[in-house]
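Please treat every number below as a calculation from the coordinates, not as lab data. None of these values were measured; they are calculated from a predicted model. Cβ sites come from the backbone with ideal geometry, for glycine too, and all protein chains shown count toward neighbours.
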Amino acid sequence: MRPDGCHTVFDHETATDDLLQYSAADIPTNSIGEVVDFDESFADYIPALLAGERIDIIESNDTFGWLLTQYEPIYDDSGKCTAYVGVDISMVGVMDYNAAFMKWIVGISLVFISAIVVIGLVLFFQDRRYREFLESERRRKQQSILFAQTAEALASAIDAKDSYTVGHSRRVAEYTRRIAAEVGKSPENCEDIYFSALLHDVGKIGISNDILSKKGRLTDAEFAQIKQHPVIGGNILSSIRELPWLSIGARYHHERYNGKGYPDGLKGDDIPEIARMIAVADAYDAMTSNRSYRSAIPQHIVREELVRGTGTQFDPQYARIMIRMIDQDPEYRMREDEHKNRPTAGSVRCDEIYHDCTTGFLISKQFTTIHLCSRPDEKVPREQSLPTLILFDALDGRVHPGEEANRDLLYLEYARVRLDGRIEEKNTRKVRVWTDPQHTDLVQADLSEPEMGQRYKIVAFRFRDHARLQISDETRTIHVTLALPDASRFLYISISGEHCEVHSILVENDPGEAGPDSIQRIADEISYIKGLPEGDVPNVQVDSWRSLSTEGIPVDTGMNLTFHAMSLPTARLVSHCPYIFLYTSDDGKVMGQNYREYMLMRLDGESWDSDPMSKTELTVTRTEAFTDWNAWRTGNRKGLDCTVRIRREDGTIVMDTENLGILLHSVTTLSGDAGPLYAALTGDQVALSMIRAARNP
């Protein structure tokens, strides 16, 4: 830059067509040394340019067109500005690009705004539909709750027509839902089946109360009226067209699998599936509930009746599931419970022991708490007017004084415990009693409350062949430990007393369970395997249904599993025998991590699949060595040596055994990769010893 103008050192014009279009005129490139006069628009910048200073970007519109120009000083080694390099950018091009960019932005904005509008509209309508859906769901749930409450109320009203059938419909519905779940029905289907079962007896609305509650045998005419209740119920519920399955249970639950039922005499699979499930559950609850003409039937007899009716009265598939449910309920909890869901068990008014007794409360490993109040008779000393706990076992869970020889009841009384700590032993091996006068679990009564009499709190539990009671009044706690005669029989507690009224009885089961250290032993454990030789795995004594099992034995290609089995002295049923089962788990332990059980076979000839992956076919043959089941049970009590031959080929496991004339051939097929497979022994009221596994070559 010199006073006379810009002396050109180098000039380059970009010659590409897409940029030349922005030139205002055809401007030639300046030659080296050519002097270009300063334009008037540079007047303000010339002093700074001549001084070699930095200047801001210049916008000009003159000879060279509308430009933006950036001048950058070039310095020599001494730091002196010797020249400038300048770069021109056409503002026409900039504006063109800016216009194109703005069009792009506007277009994108319009698209974006349109998208927002569309999304907003979509969200608006979706929100509207969602609110409508929520409202519909709210109405549906409300209707579902209303339907459930109506169905429950209707079922309760039906059951209330006969005091002996209270709760029958609900229990049948629960059992039927469990059966449906066992065969793999979806939760929705199980719910539909539940309500169909809940209303299965709705037709009894049309039957006279005199007939429903009649004690004793019905006449033919009365039974003919009873047989109309399925038709009446089916007609009532068939009017609910939106729920067609409701009427199925009502109309067909008295059909029999062999075609000899009523009202239509349907046979086999012609009977709707729901009705076949309900028929089994209905029969089970009828047998296990008290009726006007009889008490509840003991569980083992109910089981035998179901076995006897399999394939004739009942669908074999659902009968087997019901039988399995019985086997998994050794404490007989799955039955009518007259105290269940009630705040109290009423009261008893006793002149003497046994004059009035409550139904027995089952005592197990679970902690059971009993609250009660006692009011003595007038003019009777307190020490002569106290409640008494009767500890006993009986098939029906009721006290039967003087009936110890009744084989149908198997009544056994262990002891009578007065709530002052006095005990009368009958069939215990040993009893220990001690009193803690410094401690009580019972809170002092509120003096503002009405007089309730003497209050007590009893905590009862057992572990195997020992039981413990903690009896608290407002001043002390009495501890009672009893050594029972065995670990197989049940333990019930019934409340009675002398010259008193026992009232406000409340029975609760706590969530905890007793363990080996919960009760200090006062007598040796009863063992039928102590001192017996052992084989490859330790001996086990199974005091109740599957209460213990042996260690798992790996099943590979084949082996012979041998053992000695002996039913315990308390065993009385055919099912009190050894069982063998197949399972898998990550650690090889029974009930270990990721435990899956595939089959269980009893040596009396019953089996079932335990996993959807498995299917078992069992063939039972009675050889000439078999005489009858009484002889079979006797042989088990004496003890016998058993051999089970096991062969495995991939997913097929074959087992063969013969014991006392019962020949069993079992084929279990696994549908998937089972991984490591194990066999183990268990049973019910049986001692297993000398267990060996000999591998086949």
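Annotations
- Mean residue ellipticity at 222 nm, helices only, the chain: -8500 deg cm²/dmol; runs of at least 4 DSSP H residues each add -39,500 (n - 2.57), and the sum is divided by the number of residues.
- Nearest 10 degrees, 0 to 90: helix 91-160 Cα axis against the chain principal axis: 10 degrees
- Sequence ranges 372-380, 82-90, ranked by mean other-Cβ count within 10 angstrom, highest first: 372-380, 82-90
- 0 to 90° range, to nearest 10: angle between helix 187-198 axis and the chain longest Cα axis: 30 degrees
- Two-decimal ratio, the range 458-603, of alpha-carbon radius of gyration to 2.2 N^0.38 Å: 1.39
- Crossing angle, helix 629-638 versus the chain [Cα axis fit, 0-90 degrees, rounded to tens]: 80 degrees
- If R0 is taken as 56 Å, the Cβ-Cβ distance between Lys615 and Ile105 corresponds to a FRET efficiency of 0.20.
- Residue exposure proxy: Tyr75, Tyr45, ordered by other Cβ atoms within 10 angstrom of their Cβ from fewest to most, comes out as Tyr75, Tyr45.
- Partners for Lys227 among lysines (Cα-Cα distance below 23 Å; same-chain residues under 8 apart left out): Lys161, Lys204, Lys214, Lys215, Lys260, Lys267
- Entries of Lys185/Lys589; Lys379/Lys430; Lys530/Lys638 with Cα pairs more than 25 Å apart: Lys185/Lys589; Lys379/Lys430
- A Förster radius of 41 Å, combined with the Cβ-Cβ distance separating Arg647 from Leu218, puts the computed FRET efficiency at roughly 0.15.
- Loop trypsin sites (Lys or Arg not before Pro), the range 30-116 (other Cβ atoms within 10 Å of the site Cβ: 11 or fewer; DSSP): Arg54, Lys80
- Exposure proxy for Ile179, Ile526: other Cβ atoms within 10 Å of each Cβ, ordered fewest to most, give Ile526, Ile179.
- Cα gyration tensor, the range 161-327 - rounded (a/c under 1.5), prolate or oblate: rounded
- Rg and Dmax of the range 540-695, both derived from C-alpha coordinates alone, stand at 14.8, 44 Å.
- The residues neighbouring Tyr595, those whose beta-carbon lies less than 15 Å from its own, together hold a net charge of -2 under the Lys/Arg +1, Asp/Glu -1 convention.
- Summary value for the chain: 9 percent relative contact order, contacts being C-alpha pairs under 8 angstrom separated by 6+ residues.
- Calculated FRET efficiency for the pair Asp628/Trp434, C-beta based, R₀ 45 Å, to 0.05: 0.30
- Relative contact order computed over the range 540-695 (Cα-Cα under 8 Å; 6+ residues apart), in percent: 42 percent
- Inverse mean reciprocal Cα-Cα distance (Kirkwood Rh) of the range 348-513, Å: 16.2 Å
- Label point distance in nm, Glu242-Asp351, each placed 7 Å from Cα along Cα→Cβ: 6.0 nm
- Taking Cα Rg over 2.2 N^0.38 Å as calculated from this structure, the corresponding entry among (1) 0.95; (2) 1.70; (3) 1.15 is (2).
- Gain on full stretching of the segment that runs from Asn189 to Arg333 - 0.36 nm per residue minus C-alpha separation: 49.3 nm
- The stretch between Asp587 and Ala51 holds 183.8 nm of extra length on full extension. This uses 0.36 nm per residue minus the Cα-Cα distance.
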